1. So Met1 fits all but one of (1) at pLDDT below 70; (2) assigned by TED's automatic domain parsing to the domain that holds Ser114; what number is the exception?
2. For the list (1) closer than 30 Å to Glu134 by Cα; (2) modelled with pLDDT of 95 or more; (3) among the acidic types (Asp, Glu), I need the number of the one condition that Asp97 fails.
3. What are the pairs, 6+ residues apart or on separate chains, where a residue within the range 77-90 that is closer than 14 Å to Leu62 by Cβ and at pLDDT 95 or above has its Cβ under 7 Å from a residue that is of a type outside the set (A, V, I, L, M) and surrounded by 13 or more Cβ atoms within 10 Å (Cβ to Cβ)?
4. Could you tell me which residue of the range 69-121 is surrounded by the fewest Cβ atoms within 10 Å (Cβ to Cβ), considering only residues that are among the basic types (Lys, Arg) and over 30 Å from Gln44 (Cβ atoms)?
5. From the list Lys67, Lys53, which residue is outside any loop (DSSP other than H, G, I, E, B), within 15 Å of Ala135 (Cβ to Cβ) and in the same structural domain as Lys126 (by TED's automatic domain parsing)?
Amino acid sequence: MSYAHDDGEQRMMKKLIGLTLISASMFAANAMAAEEDCKNPISQMAMNVCAGKDYQREDATLNKRYKELVAKLEKDRRAKLKQVQVTWINFRDLQCDFDSSNYDGGSMYPLVRSSCLARITAQRNKELEAMLKEASL
């Protein structure tokens, strides 16, 4: 009789393992969908991922514009720009540390931090773009 009981337990364990695998694959599918749909993110994970992508895009633009500007400046102005840029990066990071500190350890922390980084970097991109136009004159 103990064998029948063991068979029942084995079947139950197989069902639990199967349900766990199904749940894990659904979670993975939702995570992938969250990464793809940034026009209308609905979960916290999706919002976090999309905010991170926004920041990455702004940061890539920042690096591109900075390099373009450096290439157009004379040596002494390049050195000054580098000082300004390093100081600006420190300011941005400290500001976003402050803005997101209220959410430290929470699920919204990545969203708040990335959104701050993206917003401030986008502002800097506009400034660098204006400097580029001026340097081209």
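The values are calculated or read from the model by the stated rules, or taken from the named source; none is laboratory data. Just so it is clear, the structure is predicted and the values come from calculations on it, not from any experiment. Ideal geometry is used to build each Cβ from the backbone, glycine not excepted, and the neighbour counts take in all protein chains shown.
1. For Met1, the exception is condition (2).
2. Checking Asp97 against (1) closer than 30 Å to Glu134 by Cα; (2) modelled with pLDDT of 95 or more; (3) among the acidic types (Asp, Glu), the one that fails is (1).
3. Sorted first by the residue in the range 77-90, then by its partner, the pairs are Gln85/Tyr66; Trp88/Arg124.
4. Our first condition is that a residue be among the basic types (Lys, Arg); within the range 69-121, this holds for 72, 75, 77-78, 80, 82, 92, 113, 119.
Subsequent filtering for residues that are over 30 Å from Gln44 (Cβ atoms) retains 72, 75, 77-78, 80, 82.
Values: Lys72: 13, Lys75: 6, Arg77: 13, Arg78: 14, Lys80: 10, Lys82: 13.
Of everything passing the filter in the range 69-121, Lys75 is surrounded by the fewest Cβ atoms within 10 Å (Cβ to Cβ).
5. Details: Lys53 fails: within 15 Å of Ala135 (Cβ to Cβ).
Of the residues listed, the single one that is outside any loop (DSSP other than H, G, I, E, B), within 15 Å of Ala135 (Cβ to Cβ) and in the same structural domain as Lys126 (by TED's automatic domain parsing) is Lys67.
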